[in-house]
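Everything on this sheet refers to the single structure shown next.
The values are calculated or read from the model by the stated rules, or taken from the named source; none is laboratory data. Computed from a prediction, not measured in an experiment: that's the story for all the values here. Counting neighbours? That spans all protein chains shown, and the Cβs are built from the backbone with ideal geometry, glycine included. In case anyone asks, the SASA skips ligands and DNA or RNA and just uses the protein heavy atoms, side chains included. Shrake-Rupley method; radii C 1.70, N 1.55, O 1.52, S 1.80 Å.
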Amino acid sequence: MIRSLWPLHRTVVRAVERELTATGMTAGQHAVMDELRRGGPRTVPQLARLLGLDRQPVQRLVNDATALGLAESTPNPEHRRSRLIRLTPKGEATIRGIQEAEETELRRRLSDLTAGDVTTALHVLRRLGEEFKDLAQDAPPHPTERGDDPR
């Protein structure tokens, strides 16, 4: 299952980017906008944590989405310097339309899967994610990161 995740991820990204061609968006911007639509306004560091990415690439994705008029920066009442990123009305309509089309297509293509199949798959993926997150945090540094010469 784990060996299937990398190729699956790359294939999903390619398929999403193909679907986004006419929008000018990337799969990364799609992920940011999806998170904003699901959870509301967030700071860039919050988005980075939720997406499992470093802050700098997420900031670039937010900047690009802002340049397309899909997202905007607003004051954060809880922190003066860390602004909130939210979808613009155009961004909300854009991501909603994309997600509705994706859902329709996936329901059609995956109609042979039962609700139980999906529930089990989500359970397994979440558990894998939890364990790998722990492994990533608890793992001893690679020999080259400690300065040891592995030769």
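Only helical runs count toward this figure. For the chain, summing -39,500 (n - 2.57) over DSSP H runs of n ≥ 4 and dividing by all residues gives -22000 deg cm²/dmol at 222 nm. For the pair the range 40-65 / the range 100-141, the C-alpha centres are spaced 22 Å from each other.
Label zone of Glu92 (point 7 Å out along Cα→Cβ, amide N under 16 Å): in the range 19-62 this covers 33-42.
Hey, what's the range 5-76 come to in accessible area per residue, 1.4 Å probe, Å²? Spell out each step's value before the answer.
Values: 4240 Å² over 72 residues.
Per residue, the range 5-76 has an accessible area of 59 Å².
Close amide H contacts of Thr88 (hydrogens built in the peptide plane, cut-off under 5 Å, sequence separation of 5 or more or a different chain): Ala71, Glu72.
Counting only protein heavy atoms and using a 1.4 Å probe, what share of the accessible area of the chain belongs to carbon plus sulfur, as a whole percent? Don't skip to the end; give the middle numbers.
Working: 6090 of 11240 Å².
Accessible surface attributable to carbon and sulfur in the chain totals 54 percent.
Averaged per residue, the range 96-140 has 86 square angstrom of accessible surface, using a 1.4 angstrom probe with ligands and nucleic acids left out. Among Asp64, Asp34, Asp112, determine the one that fluctuates most according to a GNM of the chain built with springs between C-alpha atoms less than 10 Å apart. Checking each option, the largest mean-square fluctuation is seen for Asp112.
Return the FRET efficiency for the residue pair Arg18, Gln59: r is the Cβ-Cβ distance, R0 is 22 Å, and the value is rounded to the nearest 0.05. Don't jump to the answer; show the numbers that get you there.
Values: r = 26 Å, r/R0 = 1.17.
Efficiency computed from Cβ-Cβ geometry: 0.30.
Rg over Rh for the chain works out to 1.03, both radii taken from alpha-carbon positions and Rh defined as the Kirkwood radius. Scanning residues 5 or more positions from Thr43 or on other chains, those with amide H under 5 Å from its amide H are Ile85, with H placed 1.01 Å from N in the peptide plane.
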